[in-house]
Each structure stands twice: as C-alpha cells, then as structure tokens.
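Peer 1: Structure incoming, see below.
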Amino acid sequence: MDHQNPRTMSEKVLPVRTPDDSSHAVIRVENLSKTFVHNGVDVQAFRDVNLQIPRGQMVTIMGPSGSGKSTLLHILGGIEPPTQGEIWIDGQNLAGMRDLELTLLRRRHIGFIFQSFNLVPTLSVVDNVTLPLVLDGVSAYSAEPFALECLQRVGMSHRLRHLPSQLSGGEQQRVAIARALVIKPSLILADEPTGNLDSARGRDITQLLVDVAHQGQQTVVVVTHDIRVASQSDRLIVLLDGHVKFDGDPSQVAEWMAAMQLEFHA
Ligand SMILES: Nc1ncnc2c1ncn2[C@@H]1O[C@H](COP(=O)(O)OP(=O)(O)OP(=O)(O)O)[C@@H](O)[C@H]1O
Ligand SMILES: [Mg+2]
C-alpha cells in the first residue's frame, strides 16, 4: 500500500491545535503525579514522573501489579487527567484542552491497544479496523484498503468478516492492534498487548511494534509483565513504589535488579 495518509481523503476535516513546542519529543511529561481518592482515602498511583520520549522509539514500562502502569498510559493518552504535572503530545499541551480538542488529538495522533481489546461486538473484523477512519470522516470504501493492509501486518487477513465473538483472544488482540495502526498515529499506547498470545505470536507482535516505531517513525509505549517483550524494546522504564526507578537500556535491567535485590513476577 502507498503511504498516503488516509485522512487526506476525508472531506470533513476538523481543526486541530498547532503544535507550540519545537522539541522532537512525541511525549514530554513534567512532574506528573496521580492520586486517586477512594472512599475518602488517597491512593497514590505515582509521583514526580519526568519523561521525554522521541519519535521512533519503542519503550516498555514494567513494574509490579498496582505500580501505576495502566494509569500512566491512560494519562499519557488523555483518557484520564493527572493530579499534578503537565503532558505534551506531539508538542500539544494537554492541560486546558477542551473536550473536542482532546478527542481530536486522541483520534488523530494516538492509537490505543487495550488489554480488554474494546472491539465493537456487532462489527466485523474489517469494520472494526476501518472504524477510527470512518469516525474521522473517511468513507468506509476508501478506508478499507488501509484496514486490509494493517490486518495483513498482524496476520489476520483470513478472518475479515468474522465478528469479535467468533475469534480467539489472541486473534481479537491482533485485530485491536490493526485498529490502532490504521490511523498511522504518531503515538501508540499498548497495555499488555501480548498478554493473550502464545510466546511465538507474542514475539512476532512485539517485533511488529518495534518495526512500526523504527520504520514508521512512530513512537510506541508498551506496558508489559514480560521481560522478553522489554528486551526487544529500545528503552525500559520501571515503575516501583510510585516512582520511575529505572530508565534505560533493557539489557542492563537484570544487573540493576540484582543490585537492588529485586525480582519481577509475571
Ligand atoms: N479509579 C481508581 N480509583 C481508585 N484507585 C485506583 C483507580 N484506578 C487505579 N487505582 C489504584 O492505583 C494503583 C495503580 O493502578 P494501575 O491499574 O495503574 O496499576 P498497574 O501497574 O497497571 O497494575 P497491573 O499490573 O495489575 O495492571 C493501584 O493501587 C490501584 O488500586
Ligand atoms: Mg494495568
């Protein structure tokens, strides 16, 4: 397929805010903190997170259950507001954005892959994948070739007319990945994208996400419990006790963990 942006075919182009940041970071986060209030008690997910993630990088986030990984991903994607701190995505500051601006930013710049897939149960595989483009004003007919290319990349060309309920968990996950890729987002956020896949398929999907980052100059942030996924990435961030405790080369994490007397439990 050509690399034409599918959105150029859209007749209904809505305005998006012009980037006000000249840096090349797709994600910039400053002093980010999140505290939930549950039954009157503060539950701190994380505190004082500072990050810059450039275009073309595949980053993994690891940490024990409850360390705030999913919360951080949701906040980076503008799904949930932080308690403190600021976030720039593609140079656009999320703070103070109106709902429509945030919706457009998510729709056009961010591809989400949720652990629970979030596929529309009444739509076929191909219609689920064209949906983000159709919602942005591209006709289903024009969007279909882009969907077919993404479905081919994730090895799902043989199930185009199936409904999600007629697919295995791993197949649904691959459709969810195709749906995230179809808008050619500058940022892909994935929560445990290999959690439902066997190890060979998990390796393939991780490699696909690495290729997406490196070849497509997109940025990929993946939450995982799997050190094998982390070892395929360019950079590993470890959240522990509400803080970023490691941020660097995944090949050095084992040494760091040994020094800290830590173990990851899948
Ligand atoms: N809506 C909420 N209200 C109150 N507390 C919450 C809420 N969402 C998350 N938390 C708490 O915030 C902390 C971080 O949760 P989060 O889901 O981000 O963890 P996680 O690292 O993704 O864990 P897991 O590996 O189990 O998915 C947990 O202690 C959780 O109980
Ligand atoms: Mg989680």
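Where a number appears in this text, it was derived from the coordinates with a stated rule and is not lab data. In this text the structure is predicted, and so the values were computed from the model without any measurement. Every residue, glycine as well, gets a Cβ built from its backbone with ideal geometry; the counts of neighbours run over all protein chains shown.
Peer 1: Over all pairs of distinct alpha carbons, what does the Kirkwood formula give as the hydrodynamic radius of the chain, in Å?
Peer 2: Roughly 19.1 Å, rounded to one decimal.
Peer 1: Continuing with this model, one more query. Quote the charge dipole size of segment 24-260 about the Cα centre in Debye, to the nearest 20; the model charges only the Cβ of Lys and Arg (+1) and of Asp and Glu (-1).
Peer 2: Here the size comes out at about 400 debye.
Peer 1: Sorting PHE146, PHE246, PHE36 on the 10 Å Cβ count, fewest up front, what's the list?
Peer 2: Least to most surrounded, the residues fall as PHE36, PHE246, PHE146.
Peer 1: Moving on to the next point. Sort LEU102, LEU239, LEU72 so the one with the fewest other Cβ atoms within 10 Å of its own Cβ comes first.
Peer 2: Result, fewest neighbours first: LEU102, LEU239, LEU72.
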